[in-house]
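To keep things clear, I will list the structure first and then write my remarks on it.
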Amino acid sequence: MKLLLGQTLSFVADPFVEEPTASARWERRGAVAVDEATGRIVEVGPAEDLRASYREAKVVDHGEALILPGFIDAHVHYPQTGIIASWGKRLIDWLNSYTFPEEARFGDRAYADEIAGRFFDLALSHGTTTSVSYCTIHPESVDAYFTVAQKRGLRALGGKTCMDRNAPDDLRDSAQSAYDDSKALLEAWHGVDRLGYVVTPRFAPTSTPEQLEALGALWGEHPECLMQTHLSEQTEEIDWVMGLFPEAKDYTDIYDRFGLLGEGALMGHAIHLSARERARLKEVGASLIHCPTSNTFIGSGLFDMPGLKAEGQRIGLATDTGGGSSFSMLRTMAAAYDVGQLHGTALHPAQLLWLATCGSAEALRLGDRIGTLSAGYEADLVVLDMASTPGIAQRAARAEDIWEQVFPTIMMGDDRAVAATYVAGRKV
Ligand code: GUN
Ligand code: ZN
């Protein structure tokens, strides 16, 4: 048993529904008791009480730092780690110029291993304890991702990216091989330790109807898995895809027709949606994944967080590395705040932190295991130093409550603010 001391903060309700500050449990001097043998949280409460209850426990005192559930990145492309921050393109040119040539390298298992290791090093140093990643079309890239995650004891999700048209020769599979390879990978990895397989058609323009149908069938056979894809990210993309599927009512309807819309669907971006699409996404219980640094970096548009939350959509938050311009969920929260302002709404720090923890966990249907500091939850934690740079420190010093204290770190923080990251109760 180990007792981690510090300020503790976690959510008991959705701060977009409840009054934001009332949705959180905060302890000025709190403690999290973790059991390294099970990797779970045993109890959370005032430091004094837990010290009395667990006299034998080893104590790790994080002082003034803030202990939160580890960040959950609900949409990322680990193979794009090496091409993050590539200059000057919009989505389709960016894919062709930077992304596809890099992804073509992942048939080489040694290269995939190297980048998977680098990706998880970066994620953990930024306080991200769960990632949901696209891999490449190569099964080797999936094996590399899950092998590294498993060695580190991480809860991680991902899948083979499927494409059988509108991609270079060396990055195309077929409807049949996409089904067969995805199925074999799913059977090899889903539910092993803390790993989860995600059925992954890249997006409708790079799949034939036959491939979408095959992957819809696979998902139908394995409803215990999530499904991830991209939806309505950029206007040029929407024009292109509607030309490829002229019979569809709209972009959302393309996935719907092939059994690729439902509970457990993670729809990346979801920016340019009609009222019909929004109603349908809500009706089926799909999750919309907000990727704010990517949406501004590639010039995609402004996700309507206030409107979509108000209508009760399930929403997660993500970096979308390497279309996203940061590995940091703090930078991602800051970008979500900026985009909220452009929609006329100032997202509360509680809402931003909820999106990066509990909200993303619920979007992944893992809200009963991760994303919350509570007994029985997996002990994946991030500890934030809320005075990590002189600029942040001088602003936080004036704070009158925890929200004002943490907001400068949300807006200006990066990996320097991450004092520690714990995976299943162990410091990494
Ligand atoms: N749409 C299809 N593939 C991608 C990708 O790799 N990144 C982003 N941002 N959008 C996509
Ligand atoms: Zn993406």
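Between the Cα long axis of helix 235-244 and the first principal axis of the chain there is an angle of about 40°, rounded to the nearest 10. When the P(r) is computed for the chain, the part past 42 Å accounts for 11% of the Cα-Cα pairs. Considering only L244, L288, L157, the mean-square fluctuation computed in a Gaussian network model of the chain, springs between alpha carbons under 10 angstrom, is largest for L244. Across R369, R55, R109, mean-square fluctuation computed from a Gaussian network of the chain (C-alpha pairs under 10 Å connected) peaks at R55.
Working note: Karplus 6.51/-1.76/1.60 with θ = phi - 60° gives the range 312-328 the couplings x, 6, 8, 10, x, 10, 8, 7, 6, 3, x, x, x, 9, 7, 8, 9 Hz, where Gly and Pro are set to x.
Per-residue packing, averaged as other Cβ atoms within 10 Å, sorts the ranges 13-20, 32-39, 205-212, 332-339 into the order 332-339, 205-212, 32-39, 13-20, beginning with the highest. Straight-line cross-link reach from K282 at under 12 Å between alpha-carbon atoms covers these aspartates and glutamates, not counting any fewer than eight positions away in the same chain: E263, E311. If the segment from E400 to D108 were pulled out straight at 0.36 nm per residue, it would be longer than the present Cα-Cα gap by 99.8 nm. Our note on the geometry: Cα centres of the range 1-40 and the range 97-156, 30 Å apart. The residue list A217, L124, V199 was ranked by how far each Cα lies along the charge dipole of the range 71-327 toward its positive end, using unit charges on Cβ atoms, and L124 comes out on top. Each Lys and Arg adds +1 at its Cβ and each Asp and Glu adds -1 at its Cβ; summed about the Cα centre, the range 358-400 shows a dipole of about 160 debye. Whole Å is fine, so just give me how far the alpha carbon centre of the range 239-283 lies from that of the range 356-408. A separation of 33 Å, based on Cα centres. Across C358, C291, C225, mean-square fluctuation computed from a Gaussian network of the chain (C-alpha pairs under 10 Å connected) peaks at C225.
I need the shape label for the range 281-341. Rule: rounded when a/c is under 1.5, else prolate if a/b > b/c, else oblate, with a, b, c from the alpha carbon gyration tensor. Prolate, since a/c reaches 1.5 and a/b exceeds b/c.
Of H190, H138, the sequence from fewest to most neighbouring Cβ atoms within 10 angstrom is H190, H138.
Report the relative contact order of the chain, percent, no decimals, based on alpha-carbon pairs under 8 angstrom and at least 6 residues apart.
Here the relative contact order equals 20 percent.
Working note: Karplus 6.51/-1.76/1.60 with θ = phi - 60° gives the range 195-204 the couplings 9, x, 8, 10, 5, 9, x, 4, 6, 3 Hz, where Gly and Pro are set to x. Of all lysines in the structure, those lying under 17 Å Cα to Cα from K427, and not within fewer than 8 positions of it along the same chain, are K2, K58, K151. Secondary-structure-derived ellipticity at 222 nm for the chain, considering helices only, amounts to -10000 deg cm²/dmol, per-run term -39500 (n - 2.57) for DSSP H runs with n ≥ 4.
Read-outs: derived from the displayed coordinates by stated rules, not from any lab. In this text, all values refer to a predicted model and were calculated from it rather than measured experimentally. So basically every Cβ, Gly included, is an ideal-geometry build from the backbone, and we count neighbours across all protein chains shown.
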